[in-house]
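Single-structure report; data block below.
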Amino acid sequence: MALRFYNTLTQELEVFHPLHDNTVRMYTCGPTVYNFVHIGNFRTFTFQDILRRWLRYRGYGLDHVMNVTDVDDKIIINAAKENKSIEDYTAGFTKAFFEDAAALRLEQPEHVAPATDHIGDMVKAIEELAAKGYTYDSEGSTYFRIAAFPDYGKLSHNDFSGIRAGARVDVDEYDKADARDFVLWKAKKGDEPSWPTPFGDGRPGWHIECSAMAMKYLGQTLDIHAGGVDLVFPHHENEIAQSESITGRPFSRFWLHSEHLHIESQKMSKSLGNFYTLRDLLEMGYQPEAIRYLLASVPYRKKLNFTFEGLKAAWRSIERLRDFELRLASTKLPSGCNEALSERSREAIRQFEAGMDDDLNTAEALAAIFEYVRAINTAIDENQFQEDNRWEAAKVLELFDSVFDVLKPSERPPASAENGSPASPLLADTQIEALIEERNQAKKSRNFKRADEIRAELQERDILLEDTKDGVRWKRK
Ligand code: AMP
Ligand code: ZN
């Protein structure tokens, strides 16, 4: 079946092909680097990584641009508080963002575009809008006149026909009920950072940033534009208004929006203070692969409620797959090929692909893999699985991992190890059993100090030991 995406613009599942040749031209809104980004943001970036990898799996080339918003109200306020230039203030958070992204195995887009390197492109875009009569000035700032763009509202499916002409808004984020002429260029206030232009000193609004950079690198019409669902309005609606007013062409054919990560049923956000950064979770000892898996495992258009139980379950799922991979590589098998199991491997691939083609239904794709692992484990137990079936099963895992990328253990030590506090990564079942065996040996040789140390170490990692007459049993707390 063909690859389909849900398009926010048409509100339909549509078959996807790139417009030109075999390359997908894609733009995703990147981070605002005023702080460490949280794992809610990373849910959106992980979805975009899965999207990239699936497009590649389907044989497409990628031309993907992501912006980095390195000038905005929050950045200016925070930098001033710390007596820093905005460049100095944002440099550290930009670096941290890419370190975190690498820890989560997110591929780098083909172009990473910092806003402050593209002010000239934004100025040019505003001049084009002005020449076509879409703008007006007020107190040194330039605004987009939404009444001049009759399609305004087509992405968020709101009817804005009754809005008050001439009502303006200077902030970049606002509610649906508040549709108003938005700012393209903000007049300089006080000693804020600013750039000189023919229409006055100032700085760009957030929306023009993405229109100007997307079209600079990708041309007038993109194949895919993606972001979190909170960006549909006003940000993406405004991007459409600006870009299509300049070109007279559709700005993006597909619009993909990912739902939020929630925590205790509320959106995870900086302003609510209910967030974890990736660094927080690594310091607690969780592995980046477990976080990647958790973020990717729920289909992107469904809300994902973050819990530590869920994170631990994600780790156990990875362990199950790694154990299977190890078993595949190390089990002695009878020679020959079981045809029914060859067909079972092909079926697993078909089901995995069907799930991903269906608007990136990662839950279905994962279910196909776990059902397969269960079936093959049983076949190995029953001596049905044969030597020539081995590479077919390895191929299933390889295809799965080209998208999910969780099988290889992380080399990067948890952040806490760098900060001096003890690192306590989640242990694999096999590691726990090895420690228990070491403890048994220590007890046998009457090294009770070492035996107690091992019990304490396991306890610290939430693993409880119970000495029974049949030996040691363990469980996770
Ligand atoms: P920002 O740095 O605030 O511009 O956000 C970067 C990206 O993260 C945007 O695509 C947002 O839509 C997305 N985002 C913000 N909060 C969440 C959340 N709780 N869950 C998922 N995505 C989010
Ligand atoms: Zn954007």
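The values are calculated or read from the model by the stated rules, or taken from the named source; none is laboratory data. Quick caveat, the model's predicted, so the values are computed rather than measured. Don't worry about glycine lacking a Cβ; one is built from the backbone with ideal geometry, like all the others, and counts go over all protein chains shown. Just the protein is used for accessible areas: all its heavy atoms, side chains included, with ligands, DNA and RNA removed. Shrake-Rupley method; radii C 1.70, N 1.55, O 1.52, S 1.80 Å.
Table for the structure above
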read-out: Of residues in the range 6-42 being touching a Leu at 6+ places or on another chain (Cβ under 9 Å) and among the hydroxyl-bearing types (Ser, Thr, Tyr), the one farthest from ligand 2 (Cβ to nearest atom); value: Thr23
read-out: Single unsatisfied condition, Lys95 versus (1) surrounded by fewer than 21 Cβ atoms within 10 Å (Cβ to Cβ); (2) part of a strand (DSSP E or B); value: (2)
read-out: Residue in the range 384-404 that is in a loop (DSSP other than H, G, I, E, B) and open to solvent by 40 Å² or more (accessible area, probe 1.4 Å) present; value: yes
read-out: Residue ID - nearest to Leu311 (Cα to Cα), chosen from residues in the range 37-75 that are open to solvent by 20 Å² or more (accessible area, probe 1.4 Å) and modelled with pLDDT under 95; value: Lys74
read-out: Selection within the range 205-240 - more than 17 Å from Pro114 (Cβ to Cβ), charged (D, E, K, R) and either at pLDDT below 95 or buried (at least 24 other Cβ atoms within 10 Å of the Cβ) (or both); value: Glu237, Glu239
read-out: Flag if Gly228 is closer than 22 Å to Ile75 by Cβ, within 15 Å of ligand 1 (Cβ to nearest atom) and either in contact (Cβ under 8 Å) with a residue 12 or more places away in the chain or not assigned by TED's automatic domain parsing to the domain that holds Asn83 (or both); value: yes
read-out: Answer residue from the range 447-473, given it is over 20 Å from Gly285 (Cα atoms) and small (Gly, Ala, Ser) and is farthest from the chain's Cα centre (by Cα) among those; value: Gly471
read-out: Members of the range 211-240 found to be touching a Pro at 6+ places or on another chain (Cβ under 8 Å) and in a strand (DSSP E or B), listed by number; value: Asp223
read-out: Subset of the range 231-263 [away from ligand 2 (no atom under 12 Å from the Cβ) and free of Cβ contacts under 8 Å to residues at least 40 places away in the same chain]; value: Thr247, Gly248, Arg249, Pro250
read-out: Unique residue being touching a Leu at 6+ places or on another chain (Cβ under 9 Å) and among the acidic types (Asp, Glu) when the list is Asp357, Asp323; value: Asp357
read-out: Residue match in the range 111-120 (condition: within 16 Å of Pro198 (Cα to Cα), assigned to a loop (DSSP other than H, G, I, E, B), touching a residue at least 24 places away in the same chain (Cβ under 8 Å) and not aromatic (Phe, Trp, Tyr)); value: no
read-out: Matching residues, the range 77-92, being β-branched (Val, Ile, Thr) and modelled with pLDDT of 95 or more; value: Ile86, Thr90
